[in-house]
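Scroll down for the structure; my scribbles are underneath it.
The values are calculated or read from the model by the stated rules, or taken from the named source; none is laboratory data. These figures come from a predicted structure and were not determined experimentally. Positions of Cβ are generated from backbone atoms using ideal geometry, with glycine treated the same way; all protein chains shown enter the neighbour counts. Accessible surface is based on the protein model in full, side chains and every heavy atom, while ligands, DNA and RNA are left aside. Shrake-Rupley method; radii C 1.70, N 1.55, O 1.52, S 1.80 Å.
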Amino acid sequence: MGRQYEIPIGAQHISLLEPLHFKFTTENEKIVKTDANVYYVHRGIEQACCSKFKFRQVSFVVGRVCGLCSISHTTAYSQVAEKLLKIEIPLRAKYLRMLVIELDRIHSHLLCLSHVAENSGFEALFMKTMQYREFSMELLEAVCGNRIQYDFSIVGGVARDLKPQVAQSIMERLKKFVPQLDELMDIYKNNWTLSLKNKGAGAITKEDAMRLNVVGPFARAAGLAVDVRNETEDLLPWKEVGFEMVTETTGDVYARNIVRLRELYVSIRIIENIINGLPESALITETKAFPDGEATVRLEAPRGELFYYAKGNKTQVLERLKIKAPTFSNVAAMTEAFTGNEYGSAPAIIASYDPCLSCTAR
Amino acid sequence: MKKIETTIENLKKDIAAFYKPELQHFMVMNAVDLGEKIEVQWFFSNYAHPCETICFYALVSPETEIPSIRDIVESAWVAEAELVDLMNIKVENTQKGFVLEPDFESGPLRKKK
């Protein structure tokens, strides 16, 4: 047995975008044990939502839980509030929510892919991926008014309509993006240097994913077919707009890259179908009711299953709001998947988890 | 959401009888402060029956130590550690200080008396 060393990464580290801390115990450069601390940014958002803000304002507050997937938070909260209010939102609002969620997925997946490339030592690919990602940010701004933290979903529907010229612009930009995505797929799939770094790194099996209740691309890369879009037809009609499950089998960094890239093709198809078949209706269902009872909602955010629980008491202020972010579900697996890997692979493995600590700590 | 009432005494037995990793997905734990009692909840979904959310719940007094289910659901330690800090409840074999600093005021999500 070699001598063991403890090596910390984070909470502030050049290879980490998020304030998380891993303490690796290594032996001959191999990681034998990992401890994690993921709670550096607890902001008391749940408490604020149940004390300082009225239930209609809460969708704007939870939009600040995360900069990258704020549409997932505002939509999940709006859905859980609508359940408590017992209202059905107009069909056009459902389609527009799905449109923004998928545009958001494109920019979030590309951000993750770019950081995997960067942490694998392939900075040119990082720059290329970020350059190609820019169109999705511009489209989100055109649709929602903001590049991030778009207050698009509100209780009862959506805050803005889709202008015909913006819809046309989305179709044109997506058409231009497809060959760029083909190029990225080719590089992430076939580049020799990248595959040396990514193949076999941070792998988990399908059984591990089930045992540790992993969600999102992390689980799907290991062959576990879990995607809330496949399940919650009652709230958003995902299958109607062409949702398709994407899975890989090897469960390593390479497979996570491929799952995310393949999901971008699905997102493009969903967005095109939404725009081609966007129904005409009002954007919002008005009600003067107050939230009452308990409800839960699950929604597939870019990183996986987002869960909201809300309890109302027929007043303006909620009794309880619970937010469970995808990264929260993946913490247990994140620490296990390092074991047996080279310490040098840790930054790429961390990036491939796509961790979001703003969401997790709230 | 399907709610199933349990007790602290029966919790592990009920969850062990229900939970199969290849069929059920453990989502999270939650707690609601009802004043005298706290409602502790364990949320699951079902791979085979989409759209189904199952919630086991138990009403406990704030001083009660909740049994840990991590020997049944391995990943549950994260949710248990979060509840210990945010709700100031006791969970078997779980220390304070995962979500909040150990010297932080405990239970920010508890109702102020």
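Can you give the mean number of other chain Cβ atoms that lie within 10 Å of the Cβ atoms in peptide A:271-282?
Numbers: counts 0, 0, 0, 0, 0, 0, 0, 0, 0, 0, 0, 0.
Across A:271-282, the average partner-chain Cβ count within 10 Å equals 0.
Quick one: work out the % antiparallel among DSSP beta bridges in chain B, nearest 5.
The antiparallel proportion sits near 75 percent.
If you average over every viewing direction, what projected area does the convex hull of the Cα atoms of segment A:304-352 give, in nm²? Display every interim value, and only then the final one.
Working: hull surface 18.2 nm².
Over every viewing direction, the Cα hull of segment A:304-352 projects on average to 4.5 nm².
On alpha carbon coordinates alone, what is the Rg over Rh value for segment A:193-313, Rh being the Kirkwood radius?
On the way: Rg = 17.9 Å, Rh = 16.5 Å.
Reported Rg/Rh (Cα atoms, Kirkwood Rh): 1.08.
Could you give the C-alpha radius of gyration of segment A:126-277 expressed as a fraction of 2.2 N^0.38 Å, taking N as the number of residues it contains?
Compared with the compact-globule rule of thumb, segment A:126-277 sits at 1.16.
Considering every residue in A:321-328, what mean count of other chain Cβ atoms within 10 Å of its Cβ is obtained? Can you show the working numbers first?
On the way: counts 2, 9, 2, 7, 1, 0, 0, 6.
So the per-residue partner count for this stretch is 3.
Just to be sure I understand: if you take the accessible area of chain B alone plus chain A alone and subtract the pair, with a 1.4 Å probe, what total do you get in Å², rounded to 100?
Numbers: alone 6750 and 14650 Å², together 18350 Å².
Buried area (both sides, nearest 100 Å²): 3100 Å².
Provide the packing ranking of A:330-338, A:272-280, i.e. peptides ordered by the mean count of other C-beta atoms within 10 Å per residue, highest first.
Working: A:330-338: 24.2, A:272-280: 14.8.
With the highest mean Cβ count within 10 Å placed first, the list reads A:330-338, A:272-280.
Kirkwood hydrodynamic radius, segment B:2-91, all distinct C-alpha pairs: what's the number in Å?
On the way: mean 1/r = 0.0755 Å⁻¹.
This gives a value of 13.2 Å.
Give me the 1.4 Å probe accessible area per residue for chain A, excluding ligands and nucleic acids, in Å².
On the way: 13140 Å² over 362 residues.
Here the residues of chain A average 36 Å² of exposed surface.
Are there residues in segment B:34-59 whose accessible area shrinks by at least 50 Å² when all protein chains are included rather than the chain by itself, and which are they (probe 1.4 Å, ligands and nucleic acids not counted)?
Relative to the lone chain, where solvent access is computed with a 1.4 Å probe, segment B:34-59 loses at least 50 Å² at B:47, B:51.
List, in the order given, every pair from A:94/A:189; A:311/B:20; A:54/B:13; A:33/B:96; A:239/A:314 whose Cα-Cα distance in the structure shown is over 31 Å.
Working: A:94/A:189 35 Å; A:311/B:20 28 Å; A:54/B:13 40 Å; A:33/B:96 22 Å; A:239/A:314 34 Å.
Correct reply: A:94/A:189; A:54/B:13; A:239/A:314.
Quick one: the Cα spread of segment A:4-361 along its three principal axes, in angstroms, biggest first?
Principal-axis extents of segment A:4-361 (Cα, largest first): 65, 44, 33 Å.
Over all residues in A:286-294, what is the mean tally of Cβ atoms on other chains that come within 10 Å of each residue's Cβ? Working shown, then result.
Values: counts 0, 0, 0, 0, 0, 0, 0, 1, 6.
Other-chain Cβ atoms within 10 Å of each residue's Cβ, averaged: 1.
Report, as a whole number in µm² per second, the diffusion coefficient that Stokes-Einstein gives for segment A:120-161 at 20 °C and 1.002 mPa s using the Kirkwood radius over alpha carbon pairs. Mind showing how you got there, number by number?
Values: Rh = 12.1 Å.
Once the numbers are plugged in, D ends up at 178 µm²/s.
Tally Lys/Arg at +1 and Asp/Glu at -1 over every other residue whose Cβ is under 12 Å from the Cβ of residue B:79; what's the total? Display every interim value, and only then the final one.
Values: positive: A:322, A:324, B:70; negative: B:74, B:80, B:82, B:85.
Its environment carries a net charge of -1.
Among B:77, A:238, what's the order by accessible area (1.4 angstrom probe), most exposed first?
Numbers: B:77 70, A:238 10 Å².
The ordering from most to least exposed comes out as B:77, A:238.
Which peptide among A:166-174, A:137-145, A:154-162 comes first, and what is the full order, when sorted by highest mean count of other Cβ atoms within 10 Å? Can you show the working numbers first?
Numbers: A:166-174: 15.6, A:137-145: 18.2, A:154-162: 20.9.
The packing order, highest mean first, is A:154-162, A:137-145, A:166-174.
Please report Rg over Rh for segment A:81-203, where both radii come from the alpha carbon positions and Rh follows the Kirkwood definition. Display every interim value, and only then the final one.
Details: Rg = 17.8 Å, Rh = 16.4 Å.
Ratio of gyration radius to Kirkwood radius for segment A:81-203: 1.09.
What FRET efficiency do you get for residue A:91 and residue A:30 if R0 is 51 Å and r is their Cβ-Cβ distance, rounded to the nearest 0.05? Present the calculation step by step, with values, prior to reporting the outcome.
Values: r = 54 Å, r/R0 = 1.07.
Efficiency, from the Cβ-Cβ distance: 0.40.
Return the Rg/Rh ratio of segment A:242-316 with Cα-based radii and a Kirkwood Rh.
1.13
Using only the Cα atoms of segment A:11-147, what semi-axes does the equivalent ellipsoid have when each is the square root of 5 times a gyration tensor eigenvalue? Give whole Å, largest first. Spell out each step's value before the answer.
Details: eigenvalues 227, 106, 29 Å².
Largest first, segment A:11-147 gives 34, 23, 12 Å.
Report the relative contact order of segment A:4-361, percent, no decimals, based on alpha-carbon pairs under 8 angstrom and at least 6 residues apart.
On the way: 717 pairs, mean separation 94.5, N = 358.
Relative contact order comes out at 26 percent.
How many angstrom lie between the C-alpha centres of segment B:1-53 and segment A:247-305?
25 Å
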